[in-house]
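The values are calculated or read from the model by the stated rules, or taken from the named source; none is laboratory data. These numbers come from a predicted model, not from an experiment. Don't worry about glycine lacking a Cβ; one is built from the backbone with ideal geometry, like all the others, and counts go over all protein chains shown. The accessibility values were calculated without ligands, DNA or RNA, using every heavy atom of the protein model including side chains. Shrake-Rupley method; radii C 1.70, N 1.55, O 1.52, S 1.80 Å.
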Amino acid sequence: MAKYDEYGFISELKDNEIFVFGSNGFGAHNGGAAATAVRKFGAKMGQAEGLQGQSYAINTMDSEDEMYAQIGRFLNFAKSHPELTFLITEIGCGIAGHSPEQIAPHFKNHSKNVILPDSFAQMLK
């Protein structure tokens, strides 16, 4: 499984693990988990959604409708790639200003290869 630093953030991934982070519509990955995705896991500036290197972007900044649509597309993607393990960060809960209570229900029907952050998992119990 992924390695975490002393603050509880993902610092290293195994080859089959994907870091899932919140992006903006421009794919300007300048802060938070998005910056980590660029520095460590192959995210590409200018790509706002989808698989990039060992990361997967979900646009959490433009609108809730778009964010929830992208979460749905991500869940379908994850289901079709059982060979990969997707480690979800608290997408939408930083700069985008949402709470785990708002976001977690949209991951309710996630496949077994999608690992939720504790805050989301607690909401779904």
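Observations on the structure shown:
- If you go through segment 18-59 and keep only what is touching a Phe, Trp or Tyr at 6+ places or on another chain (Cβ under 8 Å) and charged (D, E, K, R), you end up with just Lys40.
- Among the residues of segment 105-119, the one identified as in a helix (DSSP H, G or I) and under 12 Å from the mean Cα position of the chain (by Cα) is Phe107.
- Residue that is most open to solvent (accessible area, probe 1.4 Å) [pool: residues in segment 85-102 that are under 18 Å from Phe9 (Cα atoms) and either of a type in the set (A, V, I, L, M) or part of a strand (DSSP E or B) (or both)]: Ile95
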